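Participant: Supplied in structure tokens, the structure appears directly below.
The values are calculated or read from the model by the stated rules, or taken from the named source; none is laboratory data. The structure displayed is predicted, hence computed values, not measured ones. Reconstructed Cβ throughout: ideal geometry from the backbone, glycine too, with neighbour counts over all protein chains shown. Accessible surface areas use protein heavy atoms only, side chains included; no ligands, DNA or RNA. Shrake-Rupley method; radii C 1.70, N 1.55, O 1.52, S 1.80 Å.
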Amino acid sequence: MKRLATFLLGCAAMACGWAADNPMVFGNNRLSIVTPTLLRLEYSTDGTFVDEPTLFAYDRSNLLDTAQITITPLDEAGWYEITTPALRIRYHADGFPFSTSNLAVYYTLDGKEKKFTNRFLPKNNLGGPIETLDRVTKEIPMNDGILSRDGWYMIDDGRSDILVDGWIAPRDTKTHIQDQYCFIYGNDYRAALASLGAISGKVPMTRKYIHGVWYCRYWDYTADEFLDIIKGYDDNDFPIDNLVMDMGWHTNDATVGTGHNAHLNWNGYTWNKALIPDPEALVKAVHDQGITVSLNDHPHDGIRPHEWNYAEFAKAVGAKDGEVPLFDLSDSTYMKHFFEYAHAPHEKMGVDFWWLDWQQNYLYPYVWGTNTTSLSWVNELYYRDSKKNGRRGAGYSRWAGWGDHRHPIQFSGDAQANWEILAFEVKLTAGSGNGGCYYWAHDIGGFRGKPNPELTTRWTQFGALSAALRVHSTKDAKLDRRPWISGDAETKAMRRMYHMRSELMPYIYSSVWQVHNTMVPLNRGMYIDYGASPEAFDNPQQYMFGDIILAAPITSPGEGPDKVAAQKVWFPGNEAWYDFFTHERHQGGDTKNISKPLDEFPMYVKGGMVLPMQPYTPRPATAALNTLVMRVYPAAGDVDTSFELYEDDGISLDYTEGKYATTALDYTQAGNRAVVTVRPVKGGYDNMVKTRAYRLQVPGVDPANVKVNGRKAKIERDEKAGCPVIVVPATSVNKEIKIEYTI
């Protein structure tokens, strides 16, 4: 890399700029332009810089093309103006670290030019994820995200360990004394999130079943009781995709170790044969019903002498006679054998993924001998190890900070069951994507507290429009979140939400694909889509769920026999918004207090777009999409829109090699004429369906003159959806389907 400052001094008389190197080296300073709105500032006392990744700056492959950068020398004293498509940078190559004295960056915010300097004084941050809700009983301050009403945010990565051959190692902090990432985006929040993906890596595609319905409870179930739980879901007409076994799955007879919470038995890897005499048979029986199995894991004490395979493990790690090796995240050899002996035997019998219930940070907050937090590193190692046999990774742990978005899904911890926490979880979930936490798995209903069926029902409604509908509760005989045991009204209301979750799976998974590609959160604050409106910042109790659905869950107790409660809703933009349950229309720009009985909540679909759904199925995350249900509400005016249906095998890494399918679902409206077009599928993957039937729901209109591919078609009535439906028999997915009607 040439010393750019020296090169440019001879050209100071030039009046125009030219394409610059990227990165640009000015003696001991290095300026890297990662995206049009993301700068990296480094200073090294000896002119050597860091190119190795860190857990935050994980992807060094992305730098802005030099054709988009110009540099102009301003004088012979070393002042330069550097431009990107979004920024104007004035820099003085004075030989000192980047500071307010030698660097100013100009950007546009609310139509006005603003100046950024790397003096970190944030004021108007829009919030981000927190590590855990353990022991939290009410709203607490959120951490920062990268989104701010000031239009910028800065991350100091100068103390982070580097990764050498995939393992953490200290950097030279004596000479490399500055390493800052400056996100300067003005009002363009999507650009900020894309920049996070550019430097930190995109959020990977999750295994599809992660976004399904989970049952989890801290209880010592027998094998027969686990199977009876599944039978209960089926008999009571509730879907289920994932069964989680908490600590009761393993023995509790440890006699040595550090333990946690005054217990030695939270950590274990030997099946409790008194409860589960034939673990492999149980896992197979669960799998045979189309359900996955996850095991709880507190790895803090590692593998100890009481475990069934301890002798082999101790020999592998070279433990001396009588020595019990400590769980050592810093030792690659230890961790290799830990996964080999603690996890692999259970995965061989079919266990699908692990719940990393790490809670020992008060003892080992950092990996020994490093600046890396134990939680961030254990999440990284667990996720890496889960990517076996061509499968995608599957994380399920607490949030560990910048870069942890690469290990989805996150578990928010043991929150109290009360209305305040439900309201806070709505706010937290809508804002967590600002920091990269895209997918929360909350304890739907709350972890501990008094039974409250109404609260659990409202929490379920929020969970139905979250990354996962996962129930959980503490070891209390009075607390069990099976949705059919709370009372007739609550059971009916929750069944409606569980069914809706099942039906929305095509939309949810397609939105997950959007998150992967754009880094725009699934649950997101209104300001990401509608930041030009002041109202978008005013109500943290509502959010967008993907591009089409707006939600404002009820977070307060209701009144009367129907437990009617209200929530404030702002309807954004110039669109028409339709109540998912009643089909009532609301106009963009209005703010209303919406009252809802127990079996509904404020949930709205944007008019003029195709919402892809599926018929109800008890295994929503794995059912083949043989029938595509499409719901379309009229737009506020003439429109031409498209939504991309995404499909793949749901579990493998084949999508990274282009083995997936997309189908454009187009909607045009001109006057009183509407056309829904299902384009031929693009791409493909193993075992993809070849033919598909279609059911077009058209609520809010009385359709007439209906034609399918130019031929007259009949209209039926879908009583469950409460609207007309146009039925198209099974057709090749390679054939275009064009449905026309007047509204």
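Participant: Name every residue in region 688-707 that is within 18 Å of K735 (Cα to Cα) and in contact with an Asp or Glu (Cβ under 8 Å, 6 or more places away or on another chain), in order of residue number.
Facilitator: The initial filter retains those residues of region 688-707 that are within 18 Å of K735 (Cα to Cα), namely 688-696, 707.
Across region 688-707, the qualifying residues are M688, R695, K707.
Participant: What number goes with the only condition from (1) in contact with a strand residue (DSSP E or B) (Cβ under 9 Å, 6 or more places away or on another chain); (2) open to solvent by 50 Å² or more (accessible area, probe 1.4 Å); (3) of a type outside the set (V, I, T); (4) at pLDDT below 95 that H287 does not pass?
Facilitator: Condition not satisfied by H287: (4).
Participant: Pairs please, first residue from region 321-344 and farther than 15 Å from H298 by Cα, second anywhere and open to solvent by 20 Å² or more (accessible area, probe 1.4 Å) and of a type in the set (V, I, T), Cβ atoms under 6 Å, 6+ apart in sequence or on different chains.
Facilitator: As it stands, the answer is V324/V256; P325/V317; Y334/V317; H337/V317, since those pairs meet every condition given.
Participant: Sticking with this structure for a sec: Q359 passes all but one of (1) within 22 Å of H442 (Cα to Cα); (2) open to solvent by less than 30 Å² (accessible area, probe 1.4 Å); (3) touching a helix residue (DSSP H, G or I) at 6+ places or on another chain (Cβ under 9 Å); which number fails?
Facilitator: If we test Q359 against (1) within 22 Å of H442 (Cα to Cα); (2) open to solvent by less than 30 Å² (accessible area, probe 1.4 Å); (3) touching a helix residue (DSSP H, G or I) at 6+ places or on another chain (Cβ under 9 Å), just (2) comes out false.
Participant: Now for a separate question. Of all residues in region 474-524, count the ones that are of a type outside the set (K, R) and not in a helix (DSSP H, G or I).
Facilitator: 16
Participant: All but one of (1) under 14 Å from G608 (Cα atoms); (2) part of a loop (DSSP other than H, G, I, E, B); (3) open to solvent by 40 Å² or more (accessible area, probe 1.4 Å); (4) not charged (D, E, K, R) hold for V701; state the number of the condition that does not hold.
Facilitator: (3)
Participant: Suppose we filter N187, N118, N124 for residues that are touching a Phe, Trp or Tyr at 6+ places or on another chain (Cβ under 7 Å), polar (S, T, N, Q) and over 30 Å from K450 (Cα atoms); which single one remains? Outline the logic, then answer.
Facilitator: On the way: N187 fails: touching a Phe, Trp or Tyr at 6+ places or on another chain (Cβ under 7 Å); N124 fails: touching a Phe, Trp or Tyr at 6+ places or on another chain (Cβ under 7 Å).
Just one listed residue meets the conditions, N118.
Participant: Still on this structure, please answer the following. Which condition from (1) over 21 Å from V515 (Cα atoms); (2) acidic (D, E); (3) in contact (Cβ under 8 Å) with a residue 40 or more places away in the chain is the one that E647 breaks?
Facilitator: Condition not satisfied by E647: (1).
Participant: Take the conditions touching a Ser or Thr at 6+ places or on another chain (Cβ under 7 Å), under 29 Å from N125 (Cα atoms), open to solvent by 10 Å² or more (accessible area, probe 1.4 Å) and not in a helix (DSSP H, G or I) and apply them to A532. Does it pass?
Facilitator: No, not satisfied.
Participant: Now for a different question. Among the residues of region 513-525, write down those that are crowded, with 23+ Cβ neighbours inside 10 Å and in contact with a helix residue (DSSP H, G or I) (Cβ under 7 Å, 6 or more places away or on another chain).
Facilitator: The first filter runs over region 513-525 and keeps only residues crowded, with 23+ Cβ neighbours inside 10 Å, leaving 515, 519, 521-525.
If the condition is that a residue be crowded, with 23+ Cβ neighbours inside 10 Å and in contact with a helix residue (DSSP H, G or I) (Cβ under 7 Å, 6 or more places away or on another chain), then M519, P521, L522, N523, R524, G525 are the ones that fit.
Participant: Quick one: what pairs do we get from region 474-485, first residue of a type in the set (D, E), second open to solvent by 30 Å² or more (accessible area, probe 1.4 Å) and not in a loop (DSSP other than H, G, I, E, B), C-beta under 8 Å, 6+ apart or different chains?
Facilitator: D476/R448
Participant: Does region 311-327 contain any residue that is within 23 Å of W368 (Cα to Cα) and among the aromatic types (F, W, Y)?
Facilitator: yes
Participant: Taking the residues in region 99-122 that are open to solvent by less than 10 Å² (accessible area, probe 1.4 Å) and in contact (Cβ under 8 Å) with a residue 12 or more places away in the chain as candidates, determine which candidate is farthest from the chain's Cα centre (by Cα).
Facilitator: Residue satisfying both the conditions and the ranking: L103.
Participant: Quick check: is even one residue across region 624-641 open to solvent by 50 Å² or more (accessible area, probe 1.4 Å) and without any contact (Cβ under 8 Å) to a residue 24 or more places away in the chain?
Facilitator: We begin by selecting, within region 624-641, every residue open to solvent by 50 Å² or more (accessible area, probe 1.4 Å); these are 624, 626, 636, 638, 640.
Adding the requirement that they be without any contact (Cβ under 8 Å) to a residue 24 or more places away in the chain leaves none.
Checking region 624-641: not a single residue is open to solvent by 50 Å² or more (accessible area, probe 1.4 Å) and without any contact (Cβ under 8 Å) to a residue 24 or more places away in the chain.
Residues checked against (1) under 21 Å from K478 (Cβ atoms); (2) in contact (Cβ under 8 Å) with a residue 12 or more places away in the chain:
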position: Y218; (1), (2): yes, yes
position: D224; (1), (2): no, no
position: D234; (1), (2): no, yes
position: L243; (1), (2): no, yes
position: M247; (1), (2): yes, yes
position: H250; (1), (2): no, yes
position: T255; (1), (2): no, yes
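Participant: Quick one: E76 ticks every box in (1) touching a strand residue (DSSP E or B) at 6+ places or on another chain (Cβ under 9 Å); (2) in a loop (DSSP other than H, G, I, E, B); (3) farther than 27 Å from R171 by Cβ bar one, so which box is it?
Facilitator: (1)
Participant: Go through T474, T460 for me and flag whichever is more than 18 Å from the chain's Cα centre (by Cα), buried (at least 23 other Cβ atoms within 10 Å of the Cβ) and at negative phi. Break it down stepwise before answering.
Facilitator: Values: T474 fails: buried (at least 23 other Cβ atoms within 10 Å of the Cβ).
Result: T460 is the single residue among T474, T460 that is more than 18 Å from the chain's Cα centre (by Cα), buried (at least 23 other Cβ atoms within 10 Å of the Cβ) and at negative phi.
Participant: Sticking with this one: May I ask you to list the residues in region 572-583 that are of a type outside the set (V, I, T), within 20 Å of R458 (Cα to Cα) and outside any strand (DSSP E or B)?
Facilitator: Correct list: F580, F581.
Participant: Identify all residues within region 57-74 that are surrounded by 19 or more Cβ atoms within 10 Å (Cβ to Cβ) and closer than 20 Å to W402 by Cβ; write none if there are none.
Facilitator: A57
Participant: Can you pull out the residues in region 330-340 that are outside any loop (DSSP other than H, G, I, E, B) and either more than 24 Å from W271 (Cβ to Cβ) or open to solvent by less than 60 Å² (accessible area, probe 1.4 Å) (or both)?
Facilitator: S332, T333, Y334, M335, H337, F338, F339, listed by residue number.
Participant: Same structure, new question: Could you grab the pairs with beta carbons closer than 7 Å, sequence gap of 6+ or different chains, first residue in region 257-278 and without any contact (Cβ under 8 Å) to a residue 12 or more places away in the chain, second one outside any loop (DSSP other than H, G, I, E, B) and open to solvent by 20 Å² or more (accessible area, probe 1.4 Å)?
Facilitator: Matching pairs, first to second residue: none at all.
Participant: Mind checking which residues of region 235-293 are among the polar types (S, T, N, Q) and under 21 Å from M505 (Cβ atoms)?
Facilitator: N236, N242, Q289, T292 - these are the residues of region 235-293 that are among the polar types (S, T, N, Q) and under 21 Å from M505 (Cβ atoms).
Participant: Another question about this same structure. Residue by residue through region 701-734, note down the ones that are closer than 19 Å to V681 by Cα and either hydrophobic (A, V, I, L, M, F, W, C) or in contact with a strand residue (DSSP E or B) (Cβ under 9 Å, 6 or more places away or on another chain) (or both).
Facilitator: Hits for region 701-734 are V708, N709, V728, P729, A730, T731, S732, V733.
Participant: Does V569 satisfy the condition of being of a type in the set (A, V, I, L, M, F, W, C), closer than 25 Å to K720 by Cα, assigned to a strand (DSSP E or B) and modelled with pLDDT of 95 or more?
Facilitator: No.
Participant: For the structure I just gave you, tell me whether E52 is more than 23 Å from L147 (Cβ to Cβ) and exposed (fewer than 15 other Cβ atoms within 10 Å of the Cβ).
Facilitator: Criteria met by E52.
Participant: Say whether the condition of being out of contact with any Ser or Thr (no Cβ under 8 Å at 6 or more places or on another chain) and surrounded by 22 or more Cβ atoms within 10 Å (Cβ to Cβ) is met by at least one residue in region 556-574.
Facilitator: No: region 556-574 contains no residue that is out of contact with any Ser or Thr (no Cβ under 8 Å at 6 or more places or on another chain) and surrounded by 22 or more Cβ atoms within 10 Å (Cβ to Cβ).
Participant: Could I ask something else about it? Select, from I130, I199, I146, the only residue that is outside any strand (DSSP E or B), in contact with a Phe, Trp or Tyr (Cβ under 6 Å, 6 or more places away or on another chain) and β-branched (V, I, T).
Facilitator: Just a single option satisfies the conditions, and that option is I146.
Participant: Now, a different point. May I ask you to list the residues in region 203-216 that are farther than 17 Å from T474 by Cα and in contact with a helix residue (DSSP H, G or I) (Cβ under 7 Å, 6 or more places away or on another chain)?
Facilitator: Within region 203-216, V203, P204, M205, T206, K208, H211, V213 qualify.
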